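The structure appears below as structure tokens.
Coordinate-derived values only; no laboratory data. As the structure is a prediction and not an experimental result, all values here were calculated from the model. We place every Cβ from the backbone using ideal geometry, glycine too, and count neighbours over all the protein chains shown.
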Amino acid sequence: MSHISTESHDQSPLALLQWYLDSGVDECISGEATDWFAISTEAKPATSKSESPTPVSQARKAAPSPLLATDQIASTAKELVRDCKNLNDLRQMIEEFDGCALKKTASKTVFSDGIPGSDLMLIGEAPGVEEDRQGKPFVGASGQLLDKMFAAIGRSRQENLYISNTLPWRPPGNRKPSDPELIICRPFLMKHIELAAPKVLVLLGGTAAGSLLDSNAGITRLRGKWHEVDVAGRKIPAMATYHPAYLLRQPQAKAQAWSDLQKIRDKLNELDG
Ligand code: URA
């Protein structure tokens, strides 16, 4: 029979931390414990017809009551972005926002990279470990592939490309962003696109595509076609394509990604001419 020792060899905080690490607990998910039972009894469903619903997919609308608290935080975020007149205002507002728990475990707010005002804007998923360290999107291995992909159609973040993510903070352990996190941060992303005002959007991977196209269809079905994203009443052509991290794992999909890139190049030329 296995025996778990209750003997205390070392009571120091460092020893406790080491014990957590040895047990596989290597990420702090939140600074505070959440009482989900309390939230689900307190949260009341929105009944008024005048309340505008958050633009999420049907599956997300049907989510259980803790998401109602999420909608309230998202409404606050929507109000806050209304006062942002430029990208600097928005960056500062996001850096000061405390409504998303991810901020507590992230070391930096990752806002954007590249040329603001460029006609092409790429939207990724969320910062990874290297992005969190440097405070810039796509600076790790997938960022290097991304740079090569766009260089092939004459685009670079030094000259004519702008990049951001669906979330400005790294999810612990590089897990997928949760629906509540995407819903809370969506007003930031929409305002970001509005202020950056690109002519064409590229949605990198299933998370960005699903969130901005409000669809549960996977990236395989969404990629390779033109969609439209309505940003403050302006319909922006959007191409969904594979995330570069997926292409690193599945290089055979690069041929399809190349075909998507050619469509992006042609659309930009067409809009320019
Ligand atoms: N993957 C993303 O989706 N975004 C980043 O910024 C880095 C990796």
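Brief remarks on what is shown
- Dipole magnitude for segment 107-224: about 140 debye, using +1 per Lys or Arg Cβ and -1 per Asp or Glu Cβ, origin at the Cα centre.
- Take every pair of alpha-carbon atoms less than 8 Å apart whose residues are at least six positions apart; their mean separation over the length of segment 69-147 yields a relative contact order of 22 percent.
- Once the chain from Ser259 to Ser23 is taken as fully extended at 0.36 nm per residue, the excess over their C-alpha distance is 80.4 nm.
- Per-pair calculated FRET efficiency, R0 = 35 Å: Gln158 and Ser215 via Cβ, rounded to 0.05: 0.60
- Once you reduce segment 155-189 and segment 196-242 to the center of their Cα atoms, the two points are 14 Å from each other.
- Each other residue within a Cβ distance under 10 Å of Leu122 adds +1 if Lys or Arg and -1 if Asp or Glu, for a net charge of +1.
- On full extension, the segment bounded by Ser12 and Ala151 gains 44.8 nm, given 0.36 nm per residue less the C-alpha separation.
- FRET efficiency, 1/(1 + (r/R0)^6) with R0 25 Å, evaluated for Lys199 and Gln72 via beta carbons: 0.15
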